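The values are calculated or read from the model by the stated rules, or taken from the named source; none is laboratory data. Given the structure is predicted, the values throughout are model-derived calculations rather than measurements. Here the Cβ positions follow ideal geometry from the backbone for every residue, glycine too, while neighbour counts run over all protein chains shown. Keep in mind that these areas ignore ligands, DNA and RNA; they rest on the heavy atoms of the full protein, side chains included. Shrake-Rupley method; radii C 1.70, N 1.55, O 1.52, S 1.80 Å.
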Amino acid sequence: MKYQLGSALVSGKERIILHVQEKYIDVVTVLSDARLTEALRLHQAKPASLMQMMQQWSYWRATLSSIVEYWFDSSEQDRQQSQLKADDIHWLPPLMYPNKLICLGANYNDHNAEMNNTKPPKFPYCFLKPPTTTLVGSGETVLLPEYAKMIDWEVELAVVIGQRVRHVRGEAALASIAGYSIVNDISARDWVSKEERSYLGLDWVMLKGFDGAAPMGPFITPAEFVQTPQALTLTLTVNGQVKQHSNTASMVFSIQEIIEHLTTVMTLEPGDVIATGTPSGVGYGRKPPEFLRPGDRMVAEIEGLGRLETVMK
């Protein structure tokens, strides 16, 4: 049975949420059931966060399906104790907070064309965002930075790493993935034109590092439920108007190639997030250019993964 995982505030407390068949389940409450612990012979301590669950992903990946089945086999009264109402959930980014938030640029051919990138990269072109201050959950309001005027949207498939890996190749690269999510890589384009660049090139901190610049979620969908990650439809709307509509099949570098490349540079750790780039349709590439204003509502969707909503202020 397909399930998804998220993090949220419920009555002011951080909770791990299981999303199954349009139901929202409080994981810690379920794991507090002594009958469950005995029936499934659970031996790990209850995780305090989804990030902590990722640190032991091999165990929880093998266990969560059984927990879901146990919950659905329980009585209605027992289920009500752990079932949450959607209105009671305030979404956080799924992971609070990963050690690394790695983002790719120039990873869709159509986006390269609209940005006048005439030389495709020879290897995945990456940069970092500060995870503790850029990541926000679905439904959050993000403040437009005061120092920039050209604020743009970017729907992206996010890969969540589930094991510590270095120098991996082939199937081992894909096996390191815990799941997939949605990221909106909000960007300040004020310094993109050649006239505005310094001799050092783009200032990626100014472009990508402001507070709230990486809405994520609301869910992580385990990799076992995403059979074709290189064939997913991505869509982003602003105030209900479609701005981006593409497919992950159009990536320059595949997910496997991205992980292979990154693990030649650094060790990837459980919970690390890789945002794999955006397709065409960004505001800067439109004619005339379009940028976000106070009150704008963005909805980023990826096939089978959910719906990420963000309001600008």
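Shape class for the range 1-49: oblate, because the ratio a/c of the largest to smallest gyration tensor axis (alpha-carbon atoms, square roots of eigenvalues) is 1.5 or more and b/c is at least a/b. How far, in degrees from 0 to 90, does helix 57-73 lean away from the longest principal axis of the Cα atoms of the chain, to the nearest 10? Approximately 60 degrees, to the nearest 10. Net charge dipole, the chain: roughly 460 debye, given to the nearest 20, about the Cα centre with Cβ charges of +1 for Lys and Arg and -1 for Asp and Glu.
Computed from Cα positions, the angle between helix 255-265 and the longest principal axis of the chain comes to roughly 80 degrees.
Apply the a/c threshold of 1.5 to the C-alpha gyration tensor of the range 117-228 and tell me whether it is rounded, prolate or oblate. Here the range 117-228 falls in the oblate category.
Calculate, in nm to one decimal, what residue 257 and residue 86 gain on full extension: separation in residues at 0.36 nm each, minus their alpha carbon distance.
Contour length minus Cα-Cα distance gives 57.8 nm.
A straight line joining the Cα centroids of the range 40-113 and the range 242-284 runs 21 Å. Comparing 98, 121, 131 in a Gaussian network model of the chain (Cα springs below 10 Å), the most mobile by mean-square fluctuation is 121. First obtain the Kirkwood hydrodynamic radius of the range 181-312 from its Cα pairs, then insert it into the Stokes-Einstein equation at 20 °C and 1.002 mPa s, and state the resulting D in µm² per second as a whole number. The calculation lands on 130 µm²/s. With the alpha-carbon atoms of the range 21-67 aligned to their principal axes, the span from lowest to highest coordinate is 28, 25, 18 Å, starting with the largest. Past 18 Å, Cα to Cα: identify those pairs from 149/313; 13/85; 85/313, in the order given. From the list (149/313; 13/85; 85/313), the Cα-Cα distance tops 18 Å for 85/313. For the chain, set up a Gaussian network in which alpha carbons nearer than 10 Å are linked by springs, and say which option among 136, 155, 68 fluctuates the most. Looking only at 136, 155, 68, the largest GNM fluctuation is found for 68. Checking the cross-link pairs 122/243; 129/208; 119/243; 100/208; 2/100 against a 18 Å limit on the alpha carbon distance flags 122/243; 119/243; 2/100 as lying beyond it. Relative to the 2.2 N^0.38 Å rule of thumb, the range 53-101 has a C-alpha radius of gyration ratio of 1.49. Modelled this way, with points 7 Å down the Cα-to-C-beta line, the labels at residue 122 and residue 143 are 4.3 nm from one another. Each 10 Å bin from zero up to the one holding the largest Cα-Cα distance in the range 71-147 carries the following percent of pairs: 14, 23, 28, 19, 12, 5, 0.
For the range 1-157, the carbon plus sulfur part of the accessible surface works out to 48%, probe radius 1.4 Å.
In the context of the full set of protein chains, residues of the chain present 46 Å² of accessible surface per residue (probe radius 1.4 Å, heavy atoms only).
If the only charges are +1 at each Lys and Arg Cβ and -1 at each Asp and Glu Cβ, what is the size of the charge dipole of the range 4-126 around the Cα centre, to the nearest 20 debye?
Once rounded to the nearest 20, the dipole reads 560 debye.
Decide, for the range 117-176, between rounded, prolate and oblate: order the square roots of the alpha carbon gyration tensor eigenvalues as a ≥ b ≥ c, take rounded if a/c falls under 1.5, and otherwise choose prolate if a/b is larger than b/c, else oblate. Cα axes put the range 117-176 in the oblate bin.
Placing pseudo-labels 7 Å out from each Cα toward the beta carbon at residue 11 and residue 200 gives an inter-label distance of 5.0 nm. Rounded to 0.05, the FRET efficiency of the residue 39 and residue 303 pair, given R0 = 35 Å and the Cβ-Cβ distance, is 0.50.
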